[in-house]
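All remarks here apply to the structure that follows.
Coordinate-derived values only; no laboratory data. Small disclaimer: the values here were computed from a predicted structure and weren't measured. Ideal geometry is used to build each Cβ from the backbone, glycine not excepted, and the neighbour counts take in all protein chains shown.
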Amino acid sequence: MNKKVITTVIVLAVIVLGGYLLLGNSPSSYQSQSSAQNQDSTGQTSTDNQTASSQTEQQPANEQSQAEPQKKENVVTYTDNGYFPSTITIKSGDTVTWKNQSSNSMWTASAVHPSHTLYSGTSLDAHCPDTANTAFDECAGVEPGGSWSFTFKKKGAWKYHNHLSPGDIGTVIVQ
């Protein structure tokens, strides 16, 4: 009798999670969200989840480097609680680095799970391995302590997920 109850609970959990992933993360929810964002007087787009800690400025080492424009480091940390910050705003041509500080492997990939087609328009099978670095797909898991970087060349709001834990999601807004 206990086995039937446990089996029923597991089946219901799988159905609910599957429904969430199919309905809550549908392709229509991955479309650009720029119209729902606020612009300040400088024209910069802001989101509620964006934090200053996601983009830290590197300090120049000497006076010579002070004359050069300061470059921002765009970092998203993956923990056992998911991606932080969950939304990051960058400029086209900028690189984002995902650092795995969780206790499990991380496989960051463009939405929609499991095909990863949103950014590149090609399926997981078609773009992995991504030798040209154009698909916004890690194409393999990165162990705890590792990292992965991707340079965004297309403007828009790009949803992503951890392919190994599809409920962990985030967004990169490229201006």
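Structural remarks
- Distance between the modelled labels on Thr134 and Lys155, one decimal in nanometres: 2.1 nm (7 Å Cα→Cβ projection).
- Residue by residue, region 141-155 carries 3J(HN,Hα) couplings of x, 10, 5, x, x, x, 8, 8, 10, 9, 9, 8, 10, 10, 6 Hz when phi is fed to the Karplus relation 6.51 cos²θ - 1.76 cosθ + 1.60 (θ = phi - 60°); x denotes Gly or Pro.
- Cβ-derived FRET efficiency at R0 22 Å, Asn81 paired with Ser147, nearest 0.05: 0.80
- With the convex hull of its Cα atoms as the shape, region 135-175 has an orientation-averaged projected area of 3.3 nm².
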